[in-house]
Amino acid sequence: MDTDIFKVFILEDQPLDMELNKRQVRKYRPDVLFAVARNKVEFEEKLVNFQPDIVLSDYNLPDMNGLEALLYVREHLDSTPFIFITGVLNDEEKVADTILNGASGYLLKENLRKLPELMTSVVDQSSQVMQRREREWERRKTNQTLLRKTMAGLRAAEFDGKGDALESLQQVADNLA
Amino acid sequence: MSKLNAIEDRQIADVLSTGGLTVILMTAPWDGNGIIITSILEGFTTRYRGVNFCVADYEASPRLARLFNLLSPPGILFLKDGEMLERLTGPVSAARLNEIIKAAA
């Protein structure tokens with residue numbers, strides 16, 4: 001994480017709880033960029049493109065539950081930290097299942113003031129994963145930029161087979177993206 | 001001179017704390033699509049006077065590129081009150097841009 005802006009994705013359908021979550025996150029890090037989803041469609045549309053540093057999720061949502069959200073994150077974003085913030089997850093067995101399924105932590109809504117402390121702990125534990133993800137992203141960005149610049153240069157030139165060459169490079173760029 | 005506000009990495013925190021809608025175009029001198037989108041956004045500056053229209057150089061602003069997960073230009077980012085509302089990449093029509101700005105402004 002070599003940017004000092006922290007990226008937080010919040011999955012929460014209640015507007016008031018959404019605002020309370022944001023307020024606590026800003027106590028952890030004032031410079032933060034949020035992306036939010038209120039249901040499954042928004043969640044799946046926005047999550048991967050946003051590439052959050054952490055995901056905060058309610059457990060009970062109108063059209064999905066928190067475990068589904070967690071599994072989606074694990075499938076698409078590798079080891080991105082994931083915290084449940086919920087009013088329901090107070091059954092010991094459910095808590096155990098949740099942790100076993102890969103959540104980084106959970107918090108009851110009544111204890112929301114403890115979120116900054118929990119985020120500090122979770123982010124510290126995930127620092128190596130986050131650094132590895134940053135290096136991978138830099139590698140992909142460098143490759144894409146070099147390729148796109150080369151293609152822009154070729155478009156301005158005249159040579160035999162230009163159309164085919166650009167089409168091939170476009171396919172490579174799309175496959176790398 | 002562009003009608004868009006030129007920004008760079010060190011202004012990220014200021015942009016995030018700005019109230020109202022901010023639209024950021026990330027482009028580069030070699031980015032043909034970005035030249036067209038710049039022209040479209042410049043046209044919107046008079047129509048949407050309350051919107052903060054910005055432009056950033058993709059290669060000179062690596063932190064902005066990382067923040068918005070943009071692997072290559074162009075990218076257009078719509079921010080409001082510290083929240084990313086929408087993120088578009090590649091060619092985009094004036095109608096689509098207008099639709100998003102109108103809904104968010």
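Only the coordinates and a few stated rules stand behind these numbers; no lab work does. Computed from a prediction, not measured in an experiment: that's the story for all the values here. Here Cβ is always computed from backbone atoms with ideal geometry, including for glycine, and neighbour counts include all displayed protein chains.
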In whole Å and largest first, what semi-axes does the C-alpha gyration tensor of the stretch A:110-176 yield when each eigenvalue is scaled by 5 and square-rooted? 45, 11, 9
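Run the helix sum for chain A: -39,500 (n - 2.57) per DSSP H stretch of 4+ residues, divided by residue count, reported at 222 nm to the nearest 500 deg cm²/dmol. Intermediate values should be presented prior to the final figure.
On the way: 7 runs with 101 residues, N = 177.
Computed ellipticity for chain A at 222 nm equals -18500 deg cm²/dmol.
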On Cα atoms only, tilt of A:66-76 relative to the major axis of chain A in degrees: 20 degrees
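Listing B:VAL23, A:VAL48 from the residue with the fewest other Cβ atoms within 10 Å to the one with the most, what is the order?
Details: B:VAL23 26, A:VAL48 14.
Exposure proxy ranking, most exposed first: A:VAL48, B:VAL23.
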Once every Cα of the stretch B:1-96 carries one equal point scatterer and solvent is ignored, give the base-10 log of I(q)/I(0) from the Debye formula at q = 0.10, 0.22 Å⁻¹, two decimals. -0.22, -1.19
Given pairs A:LYS40/B:LYS80; A:LYS40/A:LYS149; A:LYS22/B:LYS102 and cut-off 30 Å on Cα-Cα distance, the over-length ones are A:LYS40/A:LYS149
Would you tell me the mean number of C-beta atoms belonging to other protein chains that fall within 10 Å of each C-beta in B:63-71, as a whole number? 6
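Please order B:VAL92, B:VAL55 by the number of other Cβ within 10 Å, starting at the fewest.
On the way: B:VAL92 17, B:VAL55 20.
The fewest-first ordering by Cβ neighbours comes to B:VAL92, B:VAL55.
To the nearest whole number, what is the average tally of beta carbon atoms from other chains within 10 Å of the beta carbons of peptide A:11-24?
On the way: counts 0, 0, 0, 0, 0, 0, 0, 1, 0, 0, 0, 3, 0, 0.
For this peptide, the per-residue mean of nearby foreign Cβ atoms is 0.
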Largest fluctuation, A:VAL41, A:VAL55, A:VAL129 only, Gaussian network model of chain A with Cα springs under 10 angstrom, belongs to A:VAL41
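Determine the equivalent ellipsoid of the protein assembly as shown by diagonalising the alpha-carbon gyration tensor, then write out the semi-axes as square roots of 5 times the eigenvalues, largest first, rounded to whole Å. Walk me through the intermediate numbers first.
On the way: eigenvalues 259, 99, 54 Å².
Value: 36, 22, 16 Å, ordered largest first.
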Pairs of Cα atoms under 8 Å, at least six residues apart: use those to get the relative contact order of chain A, whole percent. 19 percent
With Cα coordinates, the longest principal axis of chain A makes an angle with the long axis of helix A:15-28, in degrees rounded to 10, of 80 degrees
Chain B - mean residue ellipticity at 222 nm from DSSP helices (-39,500 (n - 2.57) per run, n ≥ 4, rounded to 500): -11000 deg cm²/dmol
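With all pairs of different alpha carbon atoms counted, what Kirkwood hydrodynamic radius in Å does the stretch A:33-167 show?
Details: mean 1/r = 0.0572 Å⁻¹.
Result for the stretch A:33-167, one decimal place: 17.5 Å.
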